[in-house]
Structure formats: C-alpha cells, structure tokens
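One structure is given below, encoded as structure tokens.
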Amino acid sequence: MRSLEDWELIALAKQGNHEAFHNLVERYKSPIYTFSLYLTRNVQNAEDIVQETFIRLYRNLNQIEPKAQFKTFIFAIARNLALNHIRNEQRKNNFLSRLFNKINSDYKEQINPKPNVWVPDEKQEFTSIIQQCMLELSEEHREILLLRETQGLDYESIAKILGCRVGTVRSRLARARAQLRKIVIEKGITVK
C-alpha cells in the first residue's frame, strides 16, 4: 500500500477516518516536538505544544483547505503555540520578577529594616507571599489578573471569556493591579 499524501489523509480524516488522522499524528509528532523543544527549551512545554497542535488541527478539520504544503501549515500552528507560550511565560515571569527585584532592592537600601518588612530568603517564599496576596483580592480582580498575568491572554480574549467589553477589561485590570499593589504594600513590600 502506498503512503498517502498529507492532504489525502486530511480528506479522509474529514470523512471520519480516525486512522488517517492517527497517521498524521505519527508522521509529525516527533518533528513538531523537536521544533517546540528547540523554541521553548522545556520538555513538558514541548509535549504540551505537540498535543495542542493536534487538538487544534482536529477541531478545525472541516475548515482546513489544502492551499500550501501540509507541513508548512502544521508547523505554523506549532510555531504560533510555542511563541504564545514563550510570551506568556515572559509576561508571567516579568510580573513576578518586577515585584521580586523591587523587594530585594528595597531591602538592600534599608540600613535598619522595619520589623514588618518581609524579606524573601528564596524566590519560592516570595511566590507564596504573592499567592497569599492574590487570595486577598476580590474574585473579580483575582480572575482578571490570573487571565492576564499568568495566562497571558490579550484583552479581547479576556473580554470574550468574561462576556464584557475590552474597555471594561482594561479598567478592571487597572483596578486589580492597584488593589494587588495596595495589599503587597500593606504586607510591608514597597513596589513602584
């Protein structure tokens, strides 16, 4: 039996042939994994990207039209997922890093630290304090901060999830950040 071309397998998968889709997965999972691992430099993230690539492909089978090489098409999906993941990680780390760096610099500048000033011994302790501060936020503010800062969703996506306008997302996010800043400062941590 001859090896079917990628777009032939897609056509069969559209008709409900699960073996055809499985053949595509087997054909591309290793190259996509290698590509994703190179971009993210993390085994778990690369595995997640491979899985999400094929989930998206399967969900959108009926909208896919053979316009270019299939390989180009599937690697574009994997690339977009990997780049989104990298941006999300940078955004999440940047948010926490700014707070962590600010705490460390404030502590170093103080000759006689106040007893109520929290000084992190490890980044893990810092993360625990921030999580505690997040729990003190209102549910609305905690939810929007998590969607934006830890999940890295854009304003339009958050608006769809919350069922509100983009302007509402912006204003809620500003209030949530202000509330978090107030809670962090009340714990003795100064953040600009």
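Expected output is a single nm value to one decimal: the length gained when fully extending between Gln131 and Ala76, i.e. 0.36 nm times separation in residues minus the C-alpha distance. What is it? Each step should come with its number before you reach the end.
Details: separation 55, 0.36 × 55 = 19.80 nm, distance 3.53 nm.
Between Gln131 and Ala76, full extension yields 16.3 nm more.
I want to verify the translational diffusion coefficient of segment 1-75 in µm²/s; compute it with Stokes-Einstein, Rh as the Kirkwood radius over Cα pairs, at 25 °C and 0.890 mPa s.
For the chosen part, D equals 191 µm²/s.
Tabulate in residue order the Karplus-calculated ³J(HN,Hα) for segment 60-75, using 6.51 cos²θ - 1.76 cosθ + 1.60 with θ = phi - 60°, rounded to whole Hz; enter x for Gly and Pro.
10, 3, 6, 9, 7, 10, x, 10, 10, 4, 4, 4, 4, 4, 6, 5
Give me the net charge for the shell around Tyr155: Cβ to Cβ below 11 angstrom, other residues only, Lys and Arg +1, Asp and Glu -1.
Details: positive: Arg148, Lys160, Arg165, Arg170, Arg172; negative: Asp154, Glu156.
Taking every Cβ under 11 Å from that of Tyr155, the sum is +3.
Readers should treat all values here as calculations from the given coordinates under stated rules, not as data from a laboratory. Here the structure is a predicted model, which means the values were calculated and not measured. Methodologically, a virtual Cβ is constructed for each residue, glycine included, from the backbone with ideal geometry; neighbour enumeration extends over all protein chains shown.
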